[in-house]
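Undergrad: Here you go, one structure.
Derivation of every value follows stated rules applied to the coordinates shown; laboratory data play no part. On a predicted model such as this, the values are computed, not experimentally measured, just so you know. As a convention, Cβ positions derive from the backbone with ideal geometry for all residues, glycine included, and neighbour counts pool all protein chains shown.
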Amino acid sequence: MLDVLCLLQLDAVRPDGVEADIRRLSQLTGLGRDTARIALLRLAADGWIVQVRPAEGVHAAHWTIHTSPPTLSTPEVTSGRSQADTRPDRHLPLDVPAARNAWRSHLRHRTTAVAHDVFTANHGLAHHCARTYQALTTAEESPRILADRLGYTLPRTLAYLERLHRHRLARTDPAGHWLRPGRDQRDAAATAIGAAGVLAARTVRHETERTAWAWWLDELAWRRLSPARRRRTPGADQAALPLPELPAPRRRHGPHPVHRGRADYAAALAHLRNELHRQAS
């Protein structure tokens, strides 16, 4: 999660923080929505990130990386790394384009390694195997170095390595050192364990939830209008509309479902899913 937040802030080139929707973070990390929310709260509690603006309406809270992060919880190991995993010079200022691009490439390499169907919870190998896979490079490294980098015990690290090895996501040399295979086997592994398509389905579900929430906010905005204003329409000779255009979700789907005067999100989600099903068929 911290990798993704750093990447978003680098991409935005904004020192005052970035909008971090937990559904978007879920998609970028491969974590579940609730796990992403808990990760944000834990990073904030430990002083890694700071909320600079609360969530409001359809906009998520804004977060920024703390300027003085706490001490690393795991030791930093730099020996034996391949070029693919070399970190940029931490002393170069990020306003230097070369340094910013190098960090962006480094963080994308780390985040895309783990945001995959094969590492999803329930269906896949879950996040501990994902972190172990992320720590592997194309250069051989001993299990002890990997354990120190991950912060896991040696037996636990070996168990994750063996699990990755069973799915051809890690290999070992005769000396007992571990590395990533030369060919990316994540798609094949996800298909073999029945996890293929999990992230795509999650993305569709998140988009449906966003639409349902925007639909309800639009319904509330519509209800606040007076009956006279609801009926008003612009004349042909008017250069500007007297009212904002009817919000997109309400214009498309009609009034938001309600139950006893409150939003019926279950009915709204069912309606949106049925629409998607009709469009797909």
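Undergrad: Applying 1/(1 + (r/R0)^6) with R0 = 51 Å to the Cβ-Cβ distance of D264 and S142, what FRET efficiency is obtained, to the nearest 0.05?
TA: 0.35
Undergrad: Would you work out if the range 123-180 is rounded, prolate or oblate? Take a ≥ b ≥ c from the square roots of the eigenvalues of the alpha-carbon gyration tensor; rounded if a/c is under 1.5, else prolate when a/b is larger than b/c, oblate otherwise.
TA: oblate
Undergrad: Based on the inverse mean of 1/r over its pairs of different Cα atoms, what is the Kirkwood hydrodynamic radius of the range 1-63, in Å?
TA: It works out to 11.6 Å.
Undergrad: Further, regarding this structure: Which value, in Å to one decimal place, does the Kirkwood hydrodynamic radius take for the range 107-233 when every pair of different Cα atoms is included?
TA: Mean inverse Cα-Cα distance, inverted, gives 17.3 Å.
Undergrad: Separate question: Roughly speaking, what is the centre-to-centre gap between the range 1-69 and the range 156-209 when only Cα atoms are used, to the nearest Å?
TA: Their Cα centres are 26 Å away from one another.
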